[in-house]
Structure formats: C-alpha cells, structure tokens
Amino acid sequence: MPDATDGSVLDALLDSWDRNHAIVVNLLRLVPEGGMDVIPAAGSPSVAQLFTHIHYCRLIFVQEDAPEAARPLPEGEWRAERNRHRLTHMLNESAAAVRDAVRGRVAAGRPMDTHYDHPILMLQHLIWHEGYHHGQIKLALKQAGHTVSDDDAGAVTWDIWMDKGIWSRPGHERTP
C-alpha cells in the first residue's frame, strides 16, 4: 500500500487521472464515422459537443481554482469540434492542466481558490463528471445504431483501470 507521507498516494491518484484521460481519448477514437454528430436525445448536446464540454470543464475549474496552472479557454463550452486530432490535442492539454493544478496545490499545501475542500476533490469530481459523459456518449451511439462492442471498448477502457503496469502513463497509452 502507498504511504501517504512519501508522495506515492498522490502519484497513485495522478495515475488514476492519467488512466481516466486515456479512456476519454480512447472513447473518442472509438466513435465511428458519422458518430460525432449523434445526440442522446432531442435538445441534448452532440457527441462532439460532449467531448468539447469535457475539455472546457477541465480548463474552467483549473482557471477558477488554480490559475497558476491555467491554459487558455476555448470559445464556447458547447462548441462542436469534429476534428479528432485537434480534439485529442485539446484533451491532452486540458488533462495536463488538471494534473499540474492538483500536483502543484498538493505540493504547496494550498487549498483550491473557489471550489473543493482539497485539490484531490477536483480530480475526483472530474473523473466522475467524465465517466457520466462517457456513458452518455456510448448510449447516444447505441441509440443511433453505432454500438461500440464491449470487446472493442473493454481493452481501451475497463482494462485501463484494472491493469497493473506503466502503459497508462504518458507515452504508454493503449489505443484501439
């Protein structure tokens, strides 16, 4: 078990963030052609808008809670970015901002400025938030006839949480 006094607990928590981020990017890669414009229900944001929203939420919380780690905000929370390469780059940038914010605030013993009693709570909130949207995206795709099979998704989603190893760290992502 990690010892909270030597930083390994923080390392494990940041690894969970890295794994969560890898899952989000892998889900983006699994979206079939034409799937970015699918909506889960009338009046709901599209799959593309949900991915952009995830990116935006990461950045707005960093800006509000740890501005020293902030990156520029995109124009509009619900913009529909369909270019997967651009969206992957955006998500990589916002994931790094969250990681930097949490690591920096924990290392400095500083609370967050606006929300959360502890920096780790921001990390946990974002993981929960992104898991919620992960489910929305998969359900929207399924309802539109673009089912992502468990066989295709499992190795690049569930297995990332459960596997032991270093592949989940930057440069070692498992991709579909």
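Of all residues in region 99-119, those satisfying the criterion of being of a type in the set (Val, Ile, Thr) and surrounded by 13 or more Cβ atoms within 10 Å (Cβ to Cβ) are Val102, Val106.
Considering only region 45-53, I want to know if a residue exists there that is open to solvent by 40 Å² or more (accessible area, probe 1.4 Å), under 16 Å from Glu77 (Cβ atoms) and either of a type outside the set (Ser, Thr, Tyr) or modelled with pLDDT under 95 (or both). Talk me through it step by step, then tell me what you get.
Of all residues in region 45-53, those open to solvent by 40 Å² or more (accessible area, probe 1.4 Å) come to 49.
Narrowing the set further to residues that are under 16 Å from Glu77 (Cβ atoms) leaves 49.
Among the residues that remain, those that are also either of a type outside the set (Ser, Thr, Tyr) or modelled with pLDDT under 95 (or both) are: 49.
Checked region 45-53: at least one residue is open to solvent by 40 Å² or more (accessible area, probe 1.4 Å), under 16 Å from Glu77 (Cβ atoms) and either of a type outside the set (Ser, Thr, Tyr) or modelled with pLDDT under 95 (or both).
Taking first residues from region 86-112 that are more than 19 Å from Glu64 (Cα to Cα) and partners that are among the hydrophobic types (A, V, I, L, M, F, W, C) and assigned to a helix (DSSP H, G or I), the Cβ contacts under 6 Å between residues at least 6 apart in sequence or on separate chains come to Leu87/Phe51; Thr88/Val25.
Considering region 113-124 alone, what residues qualify as being touching a residue at least 40 places away in the same chain (Cβ under 8 Å), part of a helix (DSSP H, G or I) and farther than 13 Å from Leu59 by Cα?
Correct list: Pro119, Ile120.
Residues considered: His133, His125, His129, His146. Of these, the only one that is touching a helix residue (DSSP H, G or I) at 6+ places or on another chain (Cβ under 6 Å) and at pLDDT 95 or above is His133. Within region 13-41, being of a type in the set (A, V, I, L, M, F, W, C), modelled with pLDDT of 90 or more and either in a loop (DSSP other than H, G, I, E, B) or surrounded by fewer than 18 Cβ atoms within 10 Å (Cβ to Cβ) (or both) holds for Val31, Val38, Ile39. Scanning region 71-93 finds no residues that are more than 16 Å from the chain's Cα centre (by Cα), over 12 Å from Trp17 (Cα atoms) and part of a helix (DSSP H, G or I).
The values are calculated or read from the model by the stated rules, or taken from the named source; none is laboratory data. Everything quoted here is computed from the prediction, not taken from an experiment. Reconstructed Cβ throughout: ideal geometry from the backbone, glycine too, with neighbour counts over all protein chains shown. Just so you know, the surface numbers come from the protein's heavy atoms only, side chains and all, with ligands and any DNA or RNA stripped out. Shrake-Rupley method; radii C 1.70, N 1.55, O 1.52, S 1.80 Å.
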